[in-house]
Amino acid sequence: MKQLSSYEIIWGMVRQIPKGKVATYGQVASESGFPGQARLVGYALHALPHHADVPWQRVINSQGRISFPPGSGASRRQRRLLTSEGVIFDGDKIRLERFGWMMSPRRK
DNA sequence: AACGTGACAAGGC
DNA sequence: AGCCTTGCCACGT
């Protein structure tokens, strides 16, 4: 398995998201120095070692929702972790107050 | 080396 | 609110 510094930069950025808060893939990408490359963040998290000390659950999509298929094991796992950290859901969307690590997500 | 894929995002209907 | 298209770019085939 290869080692790209871009992954490590992204992982380090995700580690900085405070407990109880969340950030979007796009925000993490920008702060990591890769503006517009949200997919890269998803890819980096996907490649994350399972035992790594990185709060991957705090990264969500721009809609304020979990990006795993609804009902999937991964989706429920992420929601459980976030809920245990105090993050509050409004249906399948996370409450806006819980954003704010950097900026608010777009809303429709 | 080309191609398809993906834990995304933004814009148009 | 949904669905579709395009822009992204690192990865595994």
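The values are calculated or read from the model by the stated rules, or taken from the named source; none is laboratory data. The structure presented is a predicted model; accordingly, all values stated were derived computationally and were not measured. No Cβ is skipped: glycine too gets one built from the backbone with ideal geometry, and neighbour counts run over all protein chains shown.
In segment A:52-61, what count of residues is obtained for those that are more than 9 Å from DNA strand B (Cβ to nearest atom) and either aliphatic (A, V, I, L, M) or farther than 22 Å from A:Pro18 by Cβ (or both)?
Total meeting the criteria: 1.
Is it the case that segment A:27-42 has a residue that's in contact (Cβ under 8 Å) with a residue 12 or more places away in the chain, away from DNA strand B (no atom under 15 Å from the Cβ), more than 12 Å from the chain's Cα centre (by Cα) and part of a loop (DSSP other than H, G, I, E, B)?
Yes, some residue in segment A:27-42 is in contact (Cβ under 8 Å) with a residue 12 or more places away in the chain, away from DNA strand B (no atom under 15 Å from the Cβ), more than 12 Å from the chain's Cα centre (by Cα) and part of a loop (DSSP other than H, G, I, E, B).
Restricting to segment A:19-38, count the residues that are at positive phi and within 13 Å of DNA strand C (Cβ to nearest atom).
The number of residues fulfilling the criteria is 2.
Filter segment A:10-26 down to residues that are more than 8 Å from DNA strand B (Cβ to nearest atom) and buried (at least 16 other Cβ atoms within 10 Å of the Cβ) and give me whichever is nearest to A:Glu85 (Cα to Cα).
The extreme case among them is A:Lys21.
Considering each residue of segment A:27-49, count those that are within 18 Å of A:Ser67 (Cβ to Cβ), loosely packed, with under 13 Cβ neighbours inside 10 Å and not basic (Lys, Arg), and give that number.
2
Does segment A:67-85 include one or more residues that are more than 9 Å from DNA strand B (Cβ to nearest atom), at pLDDT 90 or above, surrounded by 14 or more Cβ atoms within 10 Å (Cβ to Cβ) and of a type in the set (Asp, Glu)?
Checked segment A:67-85: at least one residue is more than 9 Å from DNA strand B (Cβ to nearest atom), at pLDDT 90 or above, surrounded by 14 or more Cβ atoms within 10 Å (Cβ to Cβ) and of a type in the set (Asp, Glu).
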